[in-house]
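**Student:** What follows is a single structure, and I will ask about it in a moment.
The values are calculated or read from the model by the stated rules, or taken from the named source; none is laboratory data. Owing to the predicted nature of the structure, the values given are computational and were not obtained by experimental measurement. Note: ideal-geometry Cβ built from the backbone for every residue, glycine included; neighbour counts use all protein chains shown. Accessible surface is based on the protein model in full, side chains and every heavy atom, while ligands, DNA and RNA are left aside. Shrake-Rupley method; radii C 1.70, N 1.55, O 1.52, S 1.80 Å.
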Amino acid sequence: MDLNVGDRIEMKKPHPCGCKNFTLLRVGMDFKIQCEGCGHQVMVPRKKVEKNIKKVLD
């Protein structure tokens, strides 16, 4: 999957705050994503992120 820093993604499951949209801050073996609802940042393994992406937003 071709993802770059700054891309916005929609996940299948929402963050506990209720928002499903995240921004990619770091791309590599682990992704650093930021919730667009509350601003919380999380490091997630690449495999888990790619499996749970619903779609890439503009």
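**Student:** Could you list the square roots of 5 times each eigenvalue of the Cα gyration tensor of the chain, that is, the equivalent ellipsoid semi-axes, sorted largest first and rounded to whole Å?
**Tutor:** For the chain, the semi-axes come out at 16, 12, 11 Å.
**Student:** So, one more: Starting from the Cα of residue 40, move 7 Å in the Cα-to-Cβ direction to define the label point; list residues of region 1-29 whose amide nitrogen is under 13 Å from there.
**Tutor:** Residues passing the 13 Å test: 14-21.
**Student:** Right, another one. Which order do 7, 2 take when ranked by solvent-accessible area (1.4 Å probe, heavy atoms of all protein chains), largest first?
**Tutor:** 2, 7
**Student:** Report the extension gain between residue 54 and residue 2 in nm, rounded to one decimal, defined as 0.36 nm multiplied by the number of residues separating them, less their alpha carbon distance.
**Tutor:** Taking residue 54 through residue 2 to full extension adds about 17.3 nm, to one decimal.
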